[in-house]
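Quick one: the structure is below, and I'll ask about it shortly.
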Amino acid sequence: GKKLSPAERELCAEIARRHIRLARPKRLLLLGDGPCLALLGKRLVDARGHVHKVEGLRAVATFHPRHLIHRPLDKPLAWKDLLLLMEDEA
């Protein structure tokens, strides 16, 4: 896919944050580098395995579904990410 410029990424991040505030979800699952860069300021490789806060919400980063189609051996890692997202907050 097309890579966004920093200005485009910032615009998308602000739109996403506005939608998050409006929808008020309980948790966020960030799929791939794009959302990680826009909302966390870091690449997926650095964001995975950690709980983050986005607009005060628990957020976890994992692979984009397209990645998992091409690299099915990463599915157990994606499952671990989902389990991390669903853990009760301490």
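No value in this document is a laboratory result; all are computed from the given coordinates. Everything numeric here is computed off the predicted structure, so don't read it as measured data. Cβ atoms come from the backbone with ideal geometry, glycine included; neighbour counts cover every protein chain shown.
Taking the Cα-to-Cβ direction at SER5 and at ARG71 and moving 7 Å from each Cα, how far apart do the two end points lie in nm?
Placing both labels 7 Å beyond Cα along the Cβ direction yields 2.9 nm.
Could you give the length gained on full extension between LEU57 and ARG21, defined as 0.36 nm per residue of separation minus the Cα-Cα distance, in nm? Each step should come with its number before you reach the end.
Values: separation 36, 0.36 × 36 = 12.96 nm, distance 0.98 nm.
The span from LEU57 to ARG21 would gain 12.0 nm if fully extended.
Stick to the Cα atoms of the stretch 14-90, pair each with every other, and give me the Kirkwood hydrodynamic radius in Å at one decimal.
Details: mean 1/r = 0.0785 Å⁻¹.
Value: 12.7 Å, from the Cα pair sum.
Relative contact order of the chain: what whole-number percent is it, with Cα pairs under 8 angstrom and at least 6 residues apart? Working shown, then result.
Working: 96 pairs, mean separation 23.2, N = 90.
In percent, rounded to a whole number, it is 26.
How much of the DSSP bridge set in the stretch 13-71 is antiparallel, in percent, rounded to the nearest 5? Working shown, then result.
Working: 3 of 8 bridges.
Taking every DSSP beta bridge within the stretch 13-71, about 40 percent pair in antiparallel fashion.
What does the charge dipole of the chain about its Cα centre add up to, to the nearest 20 debye, if the Cβ of each Lys and Arg holds +1 and the Cβ of each Asp and Glu holds -1? Present the calculation step by step, with values, prior to reporting the outcome.
Details: 18 positive and 11 negative charges, 40 e Å.
Its charge dipole is roughly 200 debye.
May I pose another question? Please list, by residue number, every one of the GluC sites (Glu not before Pro) in the chain that is coil in DSSP and has at most 12 other beta-carbon atoms within 10 Å. Mind showing how you got there, number by number?
Values: sites: GLU8, GLU10, GLU14, GLU55, GLU87, GLU89; in loops: GLU55, GLU87, GLU89.
Sites meeting the loop and neighbour criteria: GLU87, GLU89.
With no solvent and one equal point scatterer placed on each C-alpha of the stretch 13-56, evaluate the Debye formula and give log10 I(q)/I(0) for q = 0.30 Å⁻¹, two decimals.
Each listed q corresponds, in turn, to -1.21.
What value, in deg cm²/dmol to 500, does the helix sum -39500 (n - 2.57) over DSSP H runs of n ≥ 4 give at 222 nm once divided by the residues of the chain? Don't skip to the end; give the middle numbers.
Details: 5 runs with 48 residues, N = 90.
-15500 deg cm²/dmol, from helical runs alone.
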